[in-house]
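> One structure, as structure tokens, below. Some questions next.
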Amino acid sequence: MPAPSAFLPYSPGCDSGTPHNGVRLVFQPQGLRPFIENWELVAARIIRRLQREARDNPSDETLKRFLDELLSYPDVPNRWRMLDLDGHPSAFLTINYRWKNSTLRLFSTLTTLGTALDVELQELRIESFFPADEATRTVLHRLTEESFASEPALAETL
């Protein structure tokens, strides 16, 4: 299934920026942020996860700078600057993505390589998105079929 960043060509007015970073796209006012109907819920979850990672890795200055960058974006609530150790996020979060005249509901899984021996691999995060309802599944399958029809070589690689 295509990730939300795959919808960039279908999202007029969305500037993906460079380099491509899914989390950054969620926070950028010219990125995916205007298209995420439940942005505050999604963004708060991302901030909490990054805060916990920064707490568990106090020497990771890159992570701290990235967290500071996200917290500096316009309209990010000041209360998010405080680490919330009491709250336990639910196991499932649906991202409601506004697309054309409908809402696509997606959930994601985040994969990390916990026993990587290479520092580069240890920092790798792979996020996969899945449809959270039948209507979204139908739209995503149609988009996938259209992509394969317009680029047959792409279908041959799979």
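Just so you know, all these numbers are worked out from the coordinates, no wet-lab data involved. In this text the structure is predicted, and so the values were computed from the model without any measurement. Cβ placement follows ideal geometry from the backbone for every residue including glycine, while neighbour counts extend to all protein chains displayed.
> What is the gain in length, in nm to one decimal, between Leu83 and Asp133 on full extension, counting 0.36 nm per residue of separation less the C-alpha to C-alpha distance?
Working: separation 50, 0.36 × 50 = 18.00 nm, distance 3.24 nm.
Additional length available on full extension: 14.8 nm.
> Taking neighbour Cβ counts within 10 Å as the exposure measure, how do Ser59, Ser102, Ser108 sort from fewest upward? Please report the intermediate quantities before stating the final value.
Working: Ser59 6, Ser102 11, Ser108 16.
With the fewest neighbours first, Ser59, Ser102, Ser108 line up as Ser59, Ser102, Ser108.
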